[in-house]
Amino acid sequence: MTAATATTADTFRPALHYAARNTWLNDPNGLIFHGGVYHLYYQNNPLDSVWGNMSWGHATSTDLLTWTEHPVAIACDEEEDIFSGSIVFDRDNTSGFGTGAAPPLVAVYTSAFKPGSAHGGLQAQSLAYSLDSGYTWTKHTANPVLNRGSAEFRDPKVIRYDGAAGSYWVMVAVEAQDFQVVLYRSDDLRDWEYLSTFGPANATGGVWECPDLFPLPLDGDPANLKWVLTVNLNPGGPNMGSAGQYFVGDFDGTTFASATTVTEGLQDPDRLGEYQWLDWGRDYYAAVSFSDAPDDRRLMIAWMNNWEYANQIPTTPWRSPMTLAREISLHTIHGRPRLVQRAAGDFAALPEAGPAFSLTDTAIANGTHILEGAAGSVQRIDITLTPGTAEEFGLVVRGDGARGTRIGIRPAEGTLLIDRRDSGDTDFHESFPSIDSAPVLATEATYDLTVYVDRCSVEVFAQGGQVTMTELIFPADTSTDVAVYATGGTATINRLEITQFG
Ligand code: FRU
């Protein structure tokens, strides 16, 4: 089958998020900043808008908001599908794929071997290299380079470890069905030596996929470096389906020791809410971070979809956007090390597409109140709210008067919620219409939300990014109202600013 062609207006195409022109995508792969450009490779079906023919697509950006699509970087063939993985800049040419003067980029990906191929049915790790800064790729002739004889060994993320134990490449990958992250080391990216295994721990409600391992200073103190291990799982997320969890601890060059494990072994279903989640929404999966991001920033992108309904979302001729790139930092919050996230793109350089809207110190009476002059479908909303007598209060975005997507706070419950039951087209899958929640606590009696609305999505950063929720929505393009609401009483807007981007 060839790529679908547009039959209806492409009203869901995001303005600030990447989506392929007319094909399917899932996980971000090989994220790297190189040659002054952010490279986003991704699981791509070059021939269709549903999963299949897995290859690495490619896009680049300089502002992390606007992207240019390039030809497929690494294509599947009769032997293998090209599953998820990562890219490193091999600056000392340890692999020998380049030269000292012209070192290579090396992609480490999972070969998902097809039935009848040399390793039929197995998943093993393979290499490809680029000598033109990431635009064209050559598969290594001696693939795979790491084969455990497993059918579920995938998603290698390679980092450069420089620490007390030495200086070498470290790979984290998963044994997906065993809920394990396995660690290996190498000097040349070709020969890999087993180091250790982490897991099962905390959430194990579904297969473990797409791990990452990176250091971050705690509370901005470079002398207090912690290591963060992220691992995505599907299903088993806090609001059903795909999601990503993380652990904080130490890495000594061999073993990751978690200081935030709540449950060892298989999950205790009653403790799902105690685990640490990269995002509490339904549509934030396969998150991984960039290699070599400028200024040591830790930047992550996730796939903005959920395997429960991924192949059915009503976008055409493309299917699935990526999330915004997020900058991740680590802070002590309520006595625990927690990731804090904010959107990383260069928003200041974007042309504003309409007058900004702002309000201060305004009471919200019981009910829903459309804000005249605030409408839009590509916008950032910054709001700080103080509870009054209302049991719930917040925003309605992409509304049409009666319906819309509700983003609210229930202070007595201590929850942030997204209600997308009335968000537009919801009936393409029975599990899509949902009301989802995350735990959130007031800071000095107030709640602040930054919400990015972009045609088919809302990304909510609450309490300065301590809690995030990301969800797809499919409203009519005429549904652009923004409203504030309070249920069963009142609340106060301390500050509201809306910036239009499109
Ligand atoms: C995660 C995942 C990965 C795999 C890829 C295949 O969404 O299942 O584990 O490498 O997608 O497309």
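Summing Cβ point charges (Lys, Arg +1; Asp, Glu -1) relative to the Cα centre of the chain gives a dipole of roughly 180 debye. Here region 126-148 is scanned for amide nitrogen atoms under 15 Å from the site 7 Å beyond the Cα of Ala118 along Cα-to-Cβ, giving 126-128, 139-148. If you bin all the Cα-Cα distances of region 351-500 at 5 Å, starting from zero, the percentages per bin are 2, 10, 21, 25, 22, 14, 5, 1, 0. The alpha carbons of the chain stretch over 68, 53, 42 Å along the principal axes, in descending order.
When DSSP beta bridges are restricted to pairs lying wholly in the chain, around 100% turn out antiparallel.
Partner lysines whose Cα lies under 25 Å from the Cα of Lys226, excluding those fewer than 8 positions away in the same chain, are identified as Lys157.
Distance from the alpha carbon centroid of region 69-115 to that of region 144-177 works out to 15 angstrom. Computed from label points 7 Å out along Cα-Cβ, the spacing between His369 and Tyr194 is 6.4 nm.
For the pair Asp187 and Ala412, a Förster radius of 56 Å applied to the C-beta separation gives a FRET efficiency near 0.50, rounded to the nearest 0.05. If only the Cβ of Lys and Arg carry +1 and only the Cβ of Asp and Glu carry -1, the dipole of region 298-455 around its Cα centre is close to 480 debye. Computed over Cα pairs, the Kirkwood radius of region 82-124 leads via Stokes-Einstein (1.567 mPa s, 4 °C) to a diffusion coefficient of 110 µm² per second. Each peptide in 190-200, 282-292, 407-417 was scored by the mean count of other Cβ atoms within 10 Å over its residues; highest first, the order is 282-292, 407-417, 190-200. Taking the accessible area of the chain, probe 1.4 Å, and keeping the other protein chains in place, the carbon and sulfur fraction comes to 49%. Taking amide H positions as modeled 1.01 Å from N, with prolines and chain starts lacking one, the residues under 5 Å from Gly244 and 5 or more places away or on another chain are Leu233, Leu278, Asp279.
In this rough spin-label picture, where each label sits 7 Å from Cα along the Cβ direction, the Asp296-Ala9 distance is 4.9 nm. The eigenvalues of the Cα gyration tensor, multiplied by 5 and square-rooted, give region 131-272 an equivalent ellipsoid with semi-axes of 26, 21, 14 Å from largest to smallest.
With θ taken as phi - 60° and the Karplus curve 6.51 cos²θ - 1.76 cosθ + 1.60 applied, the whole-hertz 3J(HN,Hα) list for region 182-193 is 10, 10, 9, 10, 7, 9, 10, 6, 9, 9, 10, 10 Hz, x standing for glycine and proline. For region 60-175, a Kirkwood hydrodynamic radius built from all Cα pairs, placed in the Stokes-Einstein relation at 4 °C and 1.567 mPa s, yields a translational diffusion coefficient of 85 µm²/s.
Accessible surface for region 351-500, divided over its residues, is 37 Å² per residue with a 1.4 Å probe. Between Thr446 and Tyr135, the distance separating the two model label sites (each 7 Å from Cα on the Cα→Cβ line) works out to 4.9 nm.
Rounded to the nearest 0.05, the FRET efficiency derived from the C-beta distance between Glu79 and Glu152 at R0 = 22 Å is 0.75.
Report note on the peptides 439-449, 466-476: ranked by the mean count of other C-beta atoms within 10 Å, highest first, their order is 466-476, 439-449.
The values are calculated or read from the model by the stated rules, or taken from the named source; none is laboratory data. Only a predicted model underlies this, so the values are computations on that prediction, with no experimental measurement involved. A quick note on method: Cβ atoms are made from the backbone with ideal geometry, for glycine too, and the neighbour counts reach across all protein chains shown. For the accessible areas, the whole protein counts, side chains as well, though only heavy atoms, and no ligand, DNA or RNA atoms are used. Shrake-Rupley method; radii C 1.70, N 1.55, O 1.52, S 1.80 Å.
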